[in-house]
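What follows is a single structure, written as structure tokens, with notes after it.
Every number in this text was worked out from the coordinates using simple rules, so none of it is lab data. Keep in mind it's a predicted model, so treat the numbers as computed, not measured. Neighbour counts run over all protein chains shown; Cβ positions are idealised from the backbone, glycine included.
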Amino acid sequence: MEVELRYYAMVRDAAGKTAETVSLPEDATVIVLINHLIGLYGDPFRVYVYDDEGRLLDYLMFSVNEVDIRSLDGFDTVLRDGDRVSMMPPIGGG
């Protein structure tokens, strides 16, 4: 299956592009996608997702078809052919 990706801010810098389409196995989850991207982009991408001890960081926001994965099944959210996944840092201000 193919999944469309959109990168924003520091994730865009790590990937070196704003968007791309990747092929994944059927029923891949968001965590499978993340690990696939680490395989493609190595440490520049990994440091935005995992801490030094290999724990997932939760400051990046992931959405599937414009729905935050925290309101779905989190990193276990199953992706479908044609889904659009966006990765961005949290938005803050004061």
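For this structure, a couple of remarks:
- Treating each Cα of the chain as one equal point scatterer and applying the Debye formula with no solvent, the log10 of I(q)/I(0) at q = 0.14, 0.25 Å⁻¹ comes out as -0.46, -1.57.
- Residues in region 48-82 that a label on His36 would reach, taking backbone N under 14 Å of a point 7 Å out along Cα→Cβ: 77-82
- Stretching Leu72 away from Glu26 to a fully extended chain increases their span by 14.7 nm, per 0.36 nm per residue minus the current alpha-carbon distance.
- CD proxy at 222 nm, helix term only [per DSSP H run n ≥ 4: -39500 (n - 2.57); per residue of the chain; nearest 500]: -6500 deg cm²/dmol
- Remark: region 2-88 carries a charge dipole of roughly 260 debye about the Cα centre, counting +1 on each Lys and Arg Cβ and -1 on each Asp and Glu Cβ.
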